[in-house]
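Since the structure comes first, as structure tokens, the remarks are kept for the end.
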Amino acid sequence: MWILIISSFLIAFIASAIILPYIKNWIENKKKLKEDLNKFKKPRLKSLEGIFCVIIFITTISLILSLQKILNINNFDFHKIIAGLLSVITIALINFIDDILKIPNKIIKYFLMLPAIIPAIIIDFNHRTIDIPSYDPYNISLLYPLLIIPFTILITVAATNASKKLNAPVFNNYIIISSALIICAWLKESYTAIIIFSCLLGMFLSLKNYHEIEPKNISLGKIGRSSFGTILAIGAIIGNIKLSLLILITPYLIYLFIWKIYKLILKIKNINTDKIGAIKIFNFKITTKQLLKFIFILETISALIAITLQINRVNPNFIFQLISY
Amino acid sequence: MLSSNILIIISFSLGLFLSLWFIPIVRRILIANKLVVTDMNKINYPKTPSMGGIGIVFAFIISINLITLSELILQINYMELKILLPALLSILMMSFVGFIDDILMFPFRPLKPILALFASIPMITISYNNISVIEFPFSNIEIHMGIFYSLLIVPLIIVFCSNVFNVMADFDGLSSGNGIIISTTLLICSIMSHKTTSALIFSTLLGTLIILYFYNKFPAKIFAGNIGTLFIGSIFAVGCLIGNLKYALFITMIPYITHFMLQEIIIFKNKNILARPRERGIPQKDGSLQSQYIKSYGLTHFFMLHINKITEKKLVFYLIGLESIFCILAILFHFQHLYLAN
């Protein structure tokens, strides 16, 4: 199994490192550019690199699937990963179309996204209980596959999409999230989820070179951000570590909440919010770098909490022992 | 309890109604974003929105997903989910490749078949260790291919079928018209073989293609684009692999294979893999099409060269007629094969 995990990490890392520079130039030639609203001069960035991140992810996982068949490794959930990939590629396609064609009605977009979640529902259709820390599992019957799974995916996609308002997609944070999820999945002994997250980690580490905070080189587009969100959610559903994921994305959700309130206030004051960068929320003098550093610290704290809670699920006295120590 | 035939009718209706809703929306959005292409087969070169395939891809995927969910909730087991999911993944991967090609245009032509090879991996993995025998019709000969079946035959069928369907689609109503006839044929063959999963796939596709045809027929209001043709071609390949209808697929694809082979002549002559001949003609003032070659480099050029003053509408009619003959042959062949097997 470790062969698959290491291969998944290495294939994603090497493929991203080799292919992305070429893709960058190709997309630049196609003039698929967008404005960076957080910069004073509003430079134009190459967008849509997200497509190739999705292709690299799907190709890597497909190669891992073939490797699993060839090596005849059995403790790997083939059908769950296929259903997960199906959801990822459908959501990627919807967002790619939205990136290019700008779907005018958001209701149509969400209508399209809901059936895209159905393959993810198939992953855990027979699961009926939700696990609340320190309590017994609570049976919620069909509400689990029909409500909790779509909610997990939609909220994670909303959280990863919140990063578009920042200067960079905060790849440092993505690296922390995927590393923390690898640890949580390892504690849960879900090797299928570890393969998904190690592939993501490999890709994020490689992509980080092109997403340095200042200056930002490329933009992932809706396709990249939404796909990353879906992949994280699918991995968490397969590994049954949804609570850890929720804790890890909390900083983004808080950020999204503040942003929405800020926009609402501006709307009441009749100010056009279309051309306002995220940094404007904070009226005091804060630079993009400082803001990202702040979110990075928050993310690290969230990761520590998520891992601690996960260890506590394996060893119920862990937190008590930690406090007494 | 729902019978499998009712499920097939429901999936057909879902495909039909959803594409009836989506295709006009997609057309409006494409026109608003100026994603239009020049129709080179008309004398006045009108601008027509491309990528109409987006509408049918979503109508298809939503219909199949809803059918799957209802199957799970109602606990009926007509569809084999373990086969259906990898099949859908392969189909969507091909559509994704088609959409990228539509938007960004691959700089290197063989990149499309290479990416299609990756799209066939989910189908390779389900056939690995499961199927390895090729049966020859009307005889008891069987060839045990071992892992070469999944590593060679499966990707070959998917890559070839999807790309071959993509190369003969430059005329109004041709891809959707032929698509309707082929999917009807394969649907009949699936029902005859009691293969519900492939029958559901083909019935949904048929529903979506009927609506696309009304928008795509002469004069076209929308083109299917690479996303549409690669999607249709990959469904034929994947559906036939699931339903074990490889021979029926082969017979229905003979016109496309002939067209492809004729095109290959020019490639070998020029010794340049990038110089694929165009299948479209040169429009004349009287509305007819004239071939730009003096030899039949493809079926379209064959008709343009051998039938005097052929219009685009007539050309498509002949090509669909030719396809229909092979589709009838495929049904007869499949029926005979099943009859002999019993």
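Using Cβ contacts closer than 10 Å as the measure, can you line up B:Lys313, B:Lys34 from fewest to most?
B:Lys34, B:Lys313
With a 10 Å cut-off between alpha carbons and a GNM built on chain B, which of B:Asn178, B:Asn308, B:Asn216 moves the most?
B:Asn308
Please work out whether region B:33-117 counts as rounded, prolate or oblate from its C-alpha gyration tensor, where a ≥ b ≥ c are the square roots of the eigenvalues and a/c under 1.5 means rounded, while otherwise a/b larger than b/c means prolate and anything else oblate?
oblate
Summarise the partner chain shielding of A:66-75 as one whole number: the mean count of Cβ atoms from other chains within 10 Å of each residue's Cβ. Kindly include the intermediate steps, with their values, before the conclusion.
Details: counts 7, 1, 2, 9, 5, 0, 2, 0, 0, 0.
Shielding by partners across A:66-75 averages 3.
Within 10 Å of each residue's Cβ, count the other Cβ atoms and sort B:Met105, A:Met113, B:Met192, B:Met123 from fewest upward.
Numbers: B:Met105 9, A:Met113 21, B:Met192 18, B:Met123 25.
Exposure proxy ranking, most exposed first: B:Met105, B:Met192, A:Met113, B:Met123.
Over chain B, what is the relative contact order in whole percent, taking alpha-carbon pairs under 8 Å and six or more residues apart?
Details: 549 pairs, mean separation 79.9, N = 342.
Worked out over chain B, it gives 23 percent.
Given the rule -39500 (n - 2.57) for each run of at least 4 DSSP H residues, summed and divided by the residues of the protein assembly as shown, what is its mean residue ellipticity at 222 nm, to the nearest 500 deg cm²/dmol? Mind dumping the intermediate values first?
On the way: 24 runs with 446 residues, N = 667.
Computed mean residue ellipticity for the protein assembly as shown: -23000 deg cm²/dmol.
What helices does chain B have that are whole DSSP H segments, at least 24 Å long along their own axis by Cα, and with mean Kyte-Doolittle hydropathy of 0.5 or more? Don't skip to the end; give the middle numbers.
Numbers: long enough: B:4-32 (42 Å, 1.88); B:53-74 (31 Å, 2.19); B:81-104 (34 Å, 1.90); B:174-192 (27 Å, 1.55); B:196-216 (29 Å, 1.38); B:225-243 (27 Å, 1.72); B:254-270 (25 Å, 0.74); B:312-341 (43 Å, 1.25).
Span-like helices, by this rule, are B:4-32, B:53-74, B:81-104, B:174-192, B:196-216, B:225-243, B:254-270, B:312-341.
What's the average, rounded to a whole number, of partner chain beta-carbon atoms within 10 Å of each residue's beta-carbon in A:83-89? Can you show the working numbers first?
Values: counts 6, 2, 7, 12, 2, 2, 9.
Per residue, the number of nearby Cβ atoms from other chains is 6 on average.
Round to the nearest 0.05 the FRET efficiency obtained for A:Arg128 and B:Lys34 when R0 = 60 Å and r is the Cβ-Cβ distance. Before the final figure, lay out each step's value.
Details: r = 50 Å, r/R0 = 0.83.
Rounded to the nearest 0.05, the efficiency is 0.75.
Could you give the nm distance between label points at A:Ala158 and A:Ile6, where each point is 7 Å from its Cα heading toward the beta carbon?
Placing both labels 7 Å beyond Cα along the Cβ direction yields 4.2 nm.
Treat the count of other C-beta atoms within 10 Å as a stand-in for reagent exposure and order B:Tyr213, B:Tyr256 from fewest to most.
Details: B:Tyr213 16, B:Tyr256 25.
If I rank by nearby Cβ atoms, fewest first, I get B:Tyr213, B:Tyr256.
Measure off 7 Å from each Cα along the Cα-to-Cβ vector at B:Gln284 and B:Leu74, then give the distance between these two points in nanometres to one decimal.
Label-label distance for B:Gln284 and B:Leu74, simple model: 5.6 nm.
Roughly how many debye, to the nearest 20, is the charge dipole of chain B about its Cα centre, given +1 on each Lys and Arg Cβ, -1 on each Asp and Glu Cβ, and no other charges?
Numbers: 22 positive and 14 negative charges, 216 e Å.
Rounded to the nearest 20 debye, it is 1040 debye.
Bear in mind these aren't lab numbers, they're just calculated from the coordinates by the rules spelled out. Note that the coordinates shown come from a computational prediction; the quantities given were computed from them, not determined experimentally. Glycine also receives a Cβ, built like all others from the backbone with ideal geometry; neighbour counts cover every protein chain displayed.
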